[in-house]
Amino acid sequence: MKKKEQPAKKEEKKAKETSKSESVKDNSKNESVNEKSERNADKKNEETENEVAPKQKKHRGAIIFLIFVLVGFIAVILGLAVLNDMISPVEYESGNASSQYVTIPTGMSVRSIAEMLKEKNLIKSSKVFYYIVRFPNLLLKADKEIVFKSGVYEISPAMDTVEIIKLFVDGKQAFVKTSIPEGLTTRKIARLLEQNKVCDYDEFIQAASNQDTLKKFGIQAANCEGYLFPDTYYFYPNMDANEVVSMMIENFFENLQSIEGQENATSIDYTKLILASIVEREYRVDEEAPLIASVFLNRMDVGMGLESCATIEYIITEIQGKPHPEVITYKDLKIDSPYNTYKWSALPPGPISNPGKVAISAVLNPAESNFYYFTLTDSERGSHTFSRTLKAHARATAEFRTKKVN
């Protein structure tokens, strides 16, 4: 019995071993599958990470680029704001801004001009001024080199830098419009010029006696009295007095040549100029100037004194330095002076004013008359009555005075 049971046990044992072996194989197989799954998962994760990393780098680069762009944009905005402030006017309120005259000499460098404007407090930055001129295509929108015109300019602190630069480029200089009336003396012209800030009074007086100027224009006299032609001038502010005098003398000769019979004249008889300066102070109506000139010429022909009140006024105001008299007294007629035409029959030694074209033309082309006297008989119109005899003259004077009293 026992011997028969042994094979059965062997088979059972074998079956158990077989089952155990198969179980081990299954476990081994499962482990292998799991490992493979894990490897696949790791590989997939690694691939996913490899895919995400470039995208993250790409996004990071884009963000950095945008930051740089934003910073650059802000820098440009700030730079433009600073530039705009540097080119803006020193003073925005034009009413409170005091203009200054600036002289740009020929050949002055841009840098020197910029520094001068900064010193005068007319611009905020000399460097900005300089670079705007050197690179005109940036703010001035110019495709060629900027060239300044020399001269005198009026600049206000209320002007910005670009406006000032364009002013120099356009050459719109500051002119002082000055009207010089007929019949003024050199001293009175000097005062007027100084009031208009054209030149200094003393400098003009000296310039009027400058020997080089006198020689240049062929004036054989001690000064330019009589040659300073009355007209409306456009002077520069703070102009050189010698230039002012030369300009007025040149104008004198230009107008002289426009007078009938003087087309080619380069000079004038000095005695004619002296007489013209007296006629200038006597006439009021243009049409009467040639008649007044004829009266004086007729008197000179017979050796009579001119007896011009204008010469007495000249002595009192210009030689004695007194205020202009309201009336000429008999005492004044006795003043001892070569300019006193009541005391001396000859012409004064020099002009008593600077005559205009009407008076000069009247002396060069006088009327033909036999008059020796004239007296004012219409104070409103400024006209005179002309007489041949002293008796007629006295009657005309008396009638005017009676009419004036009544």
Selection within segment 287-345 - open to solvent by less than 80 Å² (accessible area, probe 1.4 Å) and of a type in the set (Lys, Arg): 299
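Quick check, is residue 350 in contact with a helix residue (DSSP H, G or I) (Cβ under 7 Å, 6 or more places away or on another chain), surrounded by fewer than 22 Cβ atoms within 10 Å (Cβ to Cβ) and not hydrophobic (A, V, I, L, M, F, W, C)?
yes
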Sort out which residues of segment 230-273 are among the hydroxyl-bearing types (Ser, Thr, Tyr) and either free of Cβ contacts under 8 Å to residues at least 40 places away in the same chain or surrounded by 14 or more Cβ atoms within 10 Å (Cβ to Cβ) (or both), and write them in order of number. 233, 236, 246, 270
Within segment 354-376, can one find any residue that is touching a strand residue (DSSP E or B) at 6+ places or on another chain (Cβ under 8 Å) and over 19 Å from residue 301 (Cα atoms)? yes
Across segment 90-115, which residue is modelled with the highest pLDDT among those that are more than 17 Å from the chain's Cα centre (by Cα), more than 16 Å from residue 150 (Cα to Cα) and of a type outside the set (Ser, Thr, Tyr)? 115
Would you be able to tell me the number of residues in segment 125-147 that are open to solvent by 40 Å² or more (accessible area, probe 1.4 Å) and touching a residue at least 24 places away in the same chain (Cβ under 8 Å)? 2
Flagged in segment 365-376 as part of a loop (DSSP other than H, G, I, E, B) and open to solvent by less than 40 Å² (accessible area, probe 1.4 Å), in numbering order, are 367, 369
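Say we look at segment 181-223 and pick out the residues that are outside any helix (DSSP H, G or I) and within 22 Å of the chain's Cα centre (by Cα); which of these is surrounded by the most Cβ atoms within 10 Å (Cβ to Cβ)?
Only one residue tops the list, namely 199.
What's the total number of residues in segment 377-395 that are open to solvent by 100 Å² or more (accessible area, probe 1.4 Å) and either farther than 22 Å from residue 287 by Cα or under 49 Å from the mean Cα position of the chain (by Cα) (or both)?
Our first condition is that a residue be open to solvent by 100 Å² or more (accessible area, probe 1.4 Å); within segment 377-395, this holds for 380-381, 388, 390-391, 395.
Keeping just the survivors that are either farther than 22 Å from residue 287 by Cα or under 49 Å from the mean Cα position of the chain (by Cα) (or both) gives 380-381, 390-391, 395.
Of the residues in segment 377-395, 5 are open to solvent by 100 Å² or more (accessible area, probe 1.4 Å) and either farther than 22 Å from residue 287 by Cα or under 49 Å from the mean Cα position of the chain (by Cα) (or both).
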All but one of (1) open to solvent by less than 70 Å² (accessible area, probe 1.4 Å); (2) closer than 22 Å to residue 106 by Cβ; (3) not in a helix (DSSP H, G or I) hold for residue 169; state the number of the condition that does not hold. (3)
Of everything in segment 234-264, what is part of a helix (DSSP H, G or I) and within 15 Å of residue 360 (Cα to Cα)? Give them in sequence order. 249, 251, 252, 253, 254, 255, 256
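The values are calculated or read from the model by the stated rules, or taken from the named source; none is laboratory data. Bear in mind that the values here come from a model prediction, so they are computed numbers and not experimental data. Neighbour counts are summed over all protein chains in view; Cβ atoms, including those assigned to glycine, are modelled from backbone coordinates with ideal geometry. Just the protein is used for accessible areas: all its heavy atoms, side chains included, with ligands, DNA and RNA removed. Shrake-Rupley method; radii C 1.70, N 1.55, O 1.52, S 1.80 Å.
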